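Here's the structure we're looking at; comments come further down.
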Amino acid sequence: MFVGMGAAKVRDLFKQATEKAPCIIFIDEIDTIGKKRDSGGMPGGNDEREQTLNQLLAEMDGFDGCKGVVILAATNRPESLDPALLRPGRFDRRIPVELPDLVGREAILRVHAKGVKMADNIDLNFIARATAGASGAELENIINEGALRAVREGRDRVSQEDLMESVEVVIAGYQRKSTVISPEEKRMVSYHEIGHALVAAKVTDAAPVHKITIVPRSSGALGYTMQVDEKERFLMTREQLLGRIATFAGGRAAEELVFNTATSGAANDIEQMTKLARSMVARFGMTDEFGMTAMEVMTNRYLGGDPGLNCSDETGSRIDEKVIQIVKSGHDKAVEVLKGNMDLLHRLADFLLEHETITGEEFMDIVRQYSTDETIVKAVEGAADQASEGVPHLSLEPVPNMNAHSSEDEAATR
Ligand code: ZN
């Protein structure tokens, strides 16, 4: 309320800290006072905040190694901090807390599982493999959901199945068995999902199918395909990206081939494949036309990032053209794959329609029995071999589909 209060409080804080040393000062959300001081701007606009920051900087300068006071601060927006704060001598060290990798996820699951009664045969490593991209809080939630499910079913221990089900709950929401979907719509969803899976099997290096289900979920998803990768991926090649784009197009392609129409269910697929194509052109330098020019720059990189266009309007429209072209060729590829495997598409979709869920093994059996396409059989079997040999990496690549609520998908795929 009064200018100068913030600075006085900072002075007082450091005075107390020095008296109580050794101690740790922890400042949460430091960006609220540590934002970049803008040059120019409105006169007197943020005087109070700047004075507080100046005081903080001054106090931190006066530190020496033997005072026994450690300053720890946290922020979600490191790029917005004033550069003076980040200089050595103020904050000496930065510790980025990124999303956990496979080893990290397993360790986090282990920590949260400690207070919960688990069955003896629990394989937390598998759960970790199935949750690529999950945050620590989401992993905690998975354990909690598993425990709730066990209690609901009157058991006193959490089983592996409970945990797998809660992975799906966290990715796609609760099963909503009460939702009534007309048989015709259900048929469309089945073909849509199988379309994704078949194209995924055909294109290079796609993650093998772990499970496909058409039980509606509370997130609005009418069905989804869970793909399980054999290893954690940090890089993607141009070919893999094009494969991903074709896989996203697979759902719509199946609708077109079988029902000769298009549904709104592909909205999320379309969004995702367009995003990938745009990144290929404007950020990854993967096209001949534009070469290695960065036309899109990520800001706020720490938590996902927001892309901003950094080129002339004319170039912008050329990028759009290229993006449309890539998406189109992905779609063509998907149609081509499905056209060559119509018999398989029908059989798999029939099975899924009847059982509502198809596991990786069942998928494989049908492919083995009826496929005339060597590549698909090999792709599917290769995946099975890896699984049975116990290759330590399998990570889930959720492709939530038929979903009108894309914002929730974002959360799930993040
Ligand atoms: Zn889809």
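The values are calculated or read from the model by the stated rules, or taken from the named source; none is laboratory data. Predicted model only: the values in this text are computed from it and were never measured. A quick note on method: Cβ atoms are made from the backbone with ideal geometry, for glycine too, and the neighbour counts reach across all protein chains shown.
Anything in segment 103-130 that is modelled with pLDDT under 85, in a helix (DSSP H, G or I) and not charged (D, E, K, R)? List them, or say none.
Step one: list which residues in segment 103-130 are modelled with pLDDT under 85, which gives 126, 129-130.
Next cut, in a helix (DSSP H, G or I) only: 126, 129.
Selection gives Phe126 alone.
Hey, could you check segment 255-268 for residues that are buried (at least 16 other Cβ atoms within 10 Å of the Cβ) and either more than 16 Å from the ligand (Cβ to nearest atom) or polar (S, T, N, Q) (or both) and say which is nearest to Leu348 (Cα to Cα)?
Ranking the qualifying residues of segment 255-268, first place goes to Thr263.
Between Glu271, Glu336, which is more than 16 Å from the ligand (Cβ to nearest atom) and either of a type in the set (A, V, I, L, M, F, W, C) or surrounded by fewer than 20 Cβ atoms within 10 Å (Cβ to Cβ) (or both)? So that I can check it myself, show each step before the final result.
Numbers: Glu271 fails: more than 16 Å from the ligand (Cβ to nearest atom).
Just one listed residue meets the conditions, Glu336.
The rows are residues; the columns are (1) in contact with a strand residue (DSSP E or B) (Cβ under 8 Å, 6 or more places away or on another chain); (2) surrounded by fewer than 16 Cβ atoms within 10 Å (Cβ to Cβ); (3) at pLDDT below 90.
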| site | (1), (2), (3) |
| --- | --- |
| Ala282 | yes, no, yes |
| Asp288 | no, yes, yes |
| Glu296 | yes, no, yes |
| Asn310 | yes, yes, yes |
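Output yes when any residue across segment 240-254 is within 14 Å of the ligand (Cβ to nearest atom) and outside any helix (DSSP H, G or I), and no when none is.
As a first pass, look at segment 240-254 and keep what is within 14 Å of the ligand (Cβ to nearest atom): 244-254.
If we keep only those that are outside any helix (DSSP H, G or I) too, we end up with none.
Scanning segment 240-254, I find no residue that is within 14 Å of the ligand (Cβ to nearest atom) and outside any helix (DSSP H, G or I), so the answer is no.
Pick out the one residue from Glu168, Glu145 that is at pLDDT 85 or above and either among the charged types (D, E, K, R) or within 19 Å of His112 (Cα to Cα) (or both).
On the way: Glu168 fails: at pLDDT 85 or above.
Step by step, each of Glu168, Glu145 is checked, and only Glu145 is at pLDDT 85 or above and either among the charged types (D, E, K, R) or within 19 Å of His112 (Cα to Cα) (or both).
So which residues in segment 190-205 are within 23 Å of the chain's Cα centre (by Cα) and part of a helix (DSSP H, G or I)? Even if it seems obvious, please write down each step before you answer.
Step one: of segment 190-205, the residues within 23 Å of the chain's Cα centre (by Cα) are 192-201, 203-205.
Within segment 190-205, His192, Glu193, Ile194, Gly195, His196, Ala197, Leu198, Val199, Ala200, Ala201 meet the criteria.
So the check is Cβ under 7 Å with 6+ separation or different chains; which pairs have a first residue in segment 305-326 that's more than 26 Å from Ser80 (Cα to Cα) and a second one that's among the hydroxyl-bearing types (Ser, Thr, Tyr) and at pLDDT 85 or above?
Filtered contacts from segment 305-326: Lys322/Thr287; Val323/Thr274.
Can you name every residue in segment 317-358 that is at negative phi and among the acidic types (Asp, Glu)? Break it down stepwise before answering.
The first filter runs over segment 317-358 and keeps only residues at negative phi, leaving 317-355, 357-358.
Correct list: Asp320, Glu321, Asp332, Glu336, Asp343, Asp350, Glu354.
With respect to Thr131, is the statement that it is over 30 Å from Ala58 (Cα atoms), buried (at least 17 other Cβ atoms within 10 Å of the Cβ) and polar (S, T, N, Q) true? It would help to see each step written out before you state the result.
Working: over 30 Å from Ala58 (Cα atoms): yes; buried (at least 17 other Cβ atoms within 10 Å of the Cβ): yes; polar (S, T, N, Q): yes.
Judged against the criteria, Thr131 is a match.
Output the qualifying pairs, or none if there are none: Cβ atoms under 8 angstrom, residues six or more apart or on different chains, first residue in segment 211-237 and assigned to a loop (DSSP other than H, G, I, E, B), second residue of a type in the set (Asp, Glu) and modelled with pLDDT of 80 or more.
Here the result reads Ile214/Glu193; Ile214/Glu356; Val215/Glu356; Leu222/Glu185; Glu232/Asp101, each pair linking segment 211-237 to a residue that is of a type in the set (Asp, Glu) and modelled with pLDDT of 80 or more.
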